[in-house]
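> Let me begin by handing over the structure; questions about it come next.
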Amino acid sequence: LVGLPLWMVLIPLLLVLFATRSRGTILAFLVTLVVLCCRRYVNLWLVGCLSYGLLVLSAMSLGLGFALPASVQNILSMEEFLSLGGRTEFWQHVHALFLKHPLLGYGYLASPRLLLQGLPWAGAAYNALAASLLDVGMLGTALIGFALMRAFLSSLFGTLRISGTGGWQHASVFAALLFLVLHSLVDATFAGTPGYQVLLLFATVLAHNRLRQELWSGVGTA
């Protein structure tokens, strides 16, 4: 629009994002951005070697009795961050409720009401997996998890393999799903009350399925 480059259009959106001070959303956005930049500008072999090196160092540190989270906590006093704002203790309560109805759950969107009965300050499960297990049990979670991970992994492989016309489309789907997966660690996101993130999940899954069909058939994807 009016000759403005895309990155200038994104500035107001980024200002809104950081104004919310939502740590989970901001962290998910930054990790997704780093992953896309690595795919675009960094050699994949270099990334693989560095990742393998970090894995080896982590294994060695564990063997020597060095605990990184405890060390970071002692050095930087990040107890609140490492506990995800107290969510880890809260999820233990969610786990106890899940064990009472593990197969089918308590009913769609039942988790807010259920949690408020036991914890007046808790109106959400603060985790998509926890919310899904409480609402629709293992069966419903398996169904939505299959659709999510199938599209996520397929778009990841498509992003790594394909360049040009279909590459940016696979990357767009992968980025949206990666953001949802990361954000779902600290928020109900697509498993919560129907909203934008629920719409984003189903839109990306359906769009990716259509994209795969068009690439297989040789039809243009514009």
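> How long is the gain from residue 185 to residue 117 if the chain were fully straight, where each residue apart is worth 0.36 nm and the alpha carbon distance is subtracted?
Taking residue 185 through residue 117 to full extension adds about 22.2 nm, to one decimal.
> If the chain between residue 103 and residue 213 were fully stretched, how many nm would it gain, using 0.36 nm times the residue separation less the Cα-Cα distance?
So the extension gain works out to 36.2 nm.
> Here's a follow-up. Would you calculate the separation in nanometres between label points at residue 34 and residue 203, each defined as 7 Å from the Cα along the Cα-to-beta-carbon direction?
Once both label points are built, they end up 2.7 nm from each other.
> Follow-up question, since we're still on this one. I'd like the accessible area for residue 150, computed on protein heavy atoms only with a 1.4 Å probe and all protein chains in place. Round to 10 Å², please.
Accessible area of residue 150: about 110 Å².
> Which order do you get for 49, 38 if you rank them by accessible area with a 1.4 Å probe, largest at the top?
Sorted descending by solvent-accessible area, the residues read 49, 38.
> To the nearest 10 square angstrom, what accessible area does residue 34 show with a 1.4 Å probe?
Taking all protein chains as shown, residue 34 has close to 90 Å².
> Now for a different question. Efficiency by 1/(1 + (r/R0)^6): what FRET value for residue 50 and residue 18, r their Cβ-Cβ distance, R0 = 25 Å, to the nearest 0.05?
0.35
> Considering amide H positions built from the backbone, and no H for Pro or chain starts, which residues 5 or more places from residue 105, or on another chain, come under 5 Å of its amide H?
Answer set, sorted by chain and number: 137, 138.
The values are calculated or read from the model by the stated rules, or taken from the named source; none is laboratory data. It should be emphasised that the depicted structure is a prediction, and the values quoted were computed from it without experimental measurement. Please note: Cβ atoms are built from the backbone with ideal geometry, for glycine as well, and neighbour counts cover all protein chains shown. Ligands, DNA and RNA are excluded from the accessible area calculation, which covers all protein heavy atoms including side chains. Shrake-Rupley method; radii C 1.70, N 1.55, O 1.52, S 1.80 Å.
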